[in-house]
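> Here you go, one structure.
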Amino acid sequence: MKPMPAGIGCGIVAGGAIYRGARGAAGDIGHIRATAREEVVCRCGNIGCLEAVAGGQALADALTAADIPAEHSRDVVELVRAGNPIAIRMVREAGRKLGEVLAGTVNFFNPGVIVIGGDIAEAHEHLLAGVREGIFGRSLPLATRDLRIVPSRLGDRAGVIGAATMVTEHVLSPSAVDQALAA
């Protein structure tokens, strides 16, 4: 049985704090339509979602359909590292699609840095080249003048460390501590 794909998400740090949105759903960029020409059905039921066309599992499935065995996103990274030209092209195109979606964020929020993490981000140079193409091609020069786009120093551990940090922040929040002390 295949594991559930992790998806594509975005963390937003504004004013030194994580922005979670009104219902805690801020940053779910995986279900933004990647391109109008994609007719891939996403697990959410929509067509052409970024996750469905550029996520690690989508790339693994596309490679397998091209007779290049890749069961998981890590297999895609290994193929890229081994110099497989089809895997390299697919990862770069996935980066371009991710960059096009992130361009809206760049134009809206004008961030100083974008950190790319997760399994596929381990294919640094190819993925980031595509991300840069997508962002710089679709964003205003004022928003990108000093923008840095870098790989996460946490590698594929970023999601787990982020989740652990969220739990810690919740458990040790002032209201949770006050509640525990009152009990």
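Here, each number is a calculation from the coordinates, and none is a lab measurement. Please read these numbers as outputs of a predicted model, since none were measured by experiment. Reconstructed Cβ throughout: ideal geometry from the backbone, glycine too, with neighbour counts over all protein chains shown.
> For Arg157 paired with Arg145, estimate the spin-label separation in nm (one decimal), with each label point 7 Å from Cα along the Cα-to-Cβ line.
3.8
> 7 Å from Cα along Cα→Cβ at both Ala25 and Val167: what's the point-to-point distance in nm?
With each label placed 7 Å out from Cα toward Cβ, I get 2.5 nm.
> For the pair Ile12 and Glu78, what calculated FRET efficiency results from E = 1/(1 + (r/R0)^6), where r is the Cβ-Cβ distance and R0 = 25 Å, to the nearest 0.05?
0.20
> Mind listing which trypsin sites (Lys or Arg not before Pro) in segment 107-183 are in a DSSP loop and have 11 or fewer other Cβ atoms within 10 Å?
Sites meeting the loop and neighbour criteria: Arg145, Arg153.
> Continuing with the same structure: Pop out the Kirkwood hydrodynamic radius of the chain from its pairwise C-alpha distances, inverse of mean 1/r, in Å to one decimal.
So the Kirkwood estimate lands at 17.5 Å.
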